[in-house]
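Below is one structure, written out as structure tokens, with a few remarks after it.
The values are calculated or read from the model by the stated rules, or taken from the named source; none is laboratory data. Just so it is clear, the model here is predicted, and its values are computed rather than measured. Here Cβ is always computed from backbone atoms with ideal geometry, including for glycine, and neighbour counts include all displayed protein chains. For accessibility, only protein heavy atoms count, side chains too; no ligands or nucleic acids. Shrake-Rupley method; radii C 1.70, N 1.55, O 1.52, S 1.80 Å.
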Amino acid sequence: MTSRDQILADIRTALGRSTGQKPAPLSAPLLRGPRFNRDLYVQTFVQRFEKLGGKAFVVPDAAAVIPQLASLLDGKRVVASNAPFLKTCGITGLTQVESGFTDRDALRDACAAADIGITSADYALAETGTLVMLSSRQEARLISLLPPVHVAIVPRSRILANLDELLSVLPKPAEQSSSMVLITGPSRTADIEQILVRGVHGPGEIYAVIVEN
């Protein structure tokens, strides 16, 4: 018996199996349901999001979004997605905001020149402080990836507990979008010496505005 055969025999013995015995079929996967109070979703998201280096704001309604972002947007060149919720919040009506793109090249050029990209988010995950972006004509993913600063404006109703709840709500995302991007904090990378650098593969700053009502 070779060393390999001996190792495999020891593993089979530890598992209580005999030579040639087929393993039992795997049980069906079980998704975990939410593990905490839904009323705590906003608070939990803000804590986890800011722990990762993001900055979160909670505003009472859509009318409070622009006053909250006024100082951040002042004097900046801004590109915004075509998400209807941004129009509801008044973002696309601001003079320094470019939006309504239908041409890919024009969108790319605008994102490359912009200081800030503003999107909504299809969902947010409280447990990990993650923004979930489904690429679509309303939410071009380039806006959340190319400008150095990303601002996501999210209705409270779109905050879920975790990835398991997301996949319960959206079990087949590929049928709805060409890509689903999970954004967890600012872009960061580290070289072999473990020197952390932000903003190499995406925005170095990220903000989330949670709209309560």
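For residue 194, state whether it is closer than 18 Å to residue 86 by Cα, of a type outside the set (A, V, I, L, M) and open to solvent by 70 Å² or more (accessible area, probe 1.4 Å).
Values: closer than 18 Å to residue 86 by Cα: no; of a type outside the set (A, V, I, L, M): yes; open to solvent by 70 Å² or more (accessible area, probe 1.4 Å): yes.
For residue 194, the condition - closer than 18 Å to residue 86 by Cα, of a type outside the set (A, V, I, L, M) and open to solvent by 70 Å² or more (accessible area, probe 1.4 Å) - is not met.
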Consider the range 122-165. How many of its residues are assigned to a loop (DSSP other than H, G, I, E, B), crowded, with 24+ Cβ neighbours inside 10 Å and out of contact with any Leu (no Cβ under 8 Å at 6 or more places or on another chain)?
1
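Among the residues of the range 187-201, is there at least one that is aliphatic (A, V, I, L, M) and within 14 Å of the chain's Cα centre (by Cα)?
No, because not a single residue in the range 187-201 is aliphatic (A, V, I, L, M) and within 14 Å of the chain's Cα centre (by Cα).
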Are there any helices (runs of 4 or more DSSP H) wholly within the range 25-90 with 3 or more residues that are open to solvent by less than 80 Å² (accessible area, probe 1.4 Å) and in contact (Cβ under 8 Å) with a residue 12 or more places away in the chain, and if so which?
41-51, 65-73
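Might you let me know whether the range 118-133 holds any residue that is more than 14 Å from the chain's Cα centre (by Cα) and modelled with pLDDT of 90 or more?
As a first pass, look at the range 118-133 and keep what is more than 14 Å from the chain's Cα centre (by Cα): none.
No - not one qualifying residue is present in the range 118-133.
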